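Participant: Sharing a structure below in structure tokens format, with a few things to ask.
The values are calculated or read from the model by the stated rules, or taken from the named source; none is laboratory data. Here the structure is a predicted model, which means the values were calculated and not measured. Positions of Cβ are backbone-derived with ideal geometry, glycine not excepted, and every protein chain shown enters the neighbour counts.
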Amino acid sequence: MKTLEQINREFIEELAVMEAEVVVEMPAKEKKWLKRLSDVLFYLIIAIIIIVTLVFGGKTHEGFHLLGYSGFTVLSGSMQREIPEGSLVITKAVDPDTIKIGDDITFVRSDNAIVTHRVVNIIEDYSGNSDRGFQTQGLENPEPDSEIVFEGNIIGKVKFSAPELGYAIKYISEHIGIVFLILGGILAAVLAFNKAFAKREE
């Protein structure tokens, strides 16, 4: 599994390609500024995805995508050895033609469940109209999934996963009211402390 730094480099390279189509030559100073902006934009995207995953329970396929990235919390142990239950998974929408055997993909099953499994076989022209079909399997499952994944049901290829973060998001989403109460209490305490400190200085 790739690290956030590796994904960030890929993200910057993609932006650089798009920039190159518009600007043929760019001064070194502007290139350095563009890289900093790209870094900020990438981590902002990841932060927004995490927040939306927290608020909507990871159901971002229902309408939330940010520059092709989406976030989900894994709720089963079928990929336990690489993507443990409770992990936060970041996916990137990709061209189905670029998906290879061995890639981990997140897709919507026919019963609307969101699943992240590994591609173990690819069937070319599966539906008779040049679309590909993907046979997947959970690493902990003895047999491949019985349902073939149509390319239109693929949300994206897994780019990054973080077990600890996923558990935290799952816990917070289940206790969001308590979390807001705690944050409100902390904010009130800080404001009261600042007010008392300001009066002491007067």
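Participant: Among (1) out of contact with any strand residue (DSSP E or B) (no Cβ under 7 Å at 6 or more places or on another chain); (2) surrounded by fewer than 12 Cβ atoms within 10 Å (Cβ to Cβ); (3) closer than 30 Å to residue 45 by Cα, which single condition is residue 101 missing?
Facilitator: (1)
Participant: Contact list please: Cβ distance under 9 Å, first residue in the stretch 79-98 and crowded, with 24+ Cβ neighbours inside 10 Å, second residue modelled with pLDDT of 90 or more and basic (Lys, Arg), pairs at least six apart or on different chains.
Facilitator: Taking only residues 6 or more apart or on different chains, the pairs are 79/118; 91/157.
Participant: Can you pull out the residues in the stretch 112-165 that are more than 22 Å from residue 85 (Cβ to Cβ), at pLDDT 95 or above and surrounded by fewer than 13 Cβ atoms within 10 Å (Cβ to Cβ)?
Facilitator: Scanning the stretch 112-165 gives a single hit, 121.
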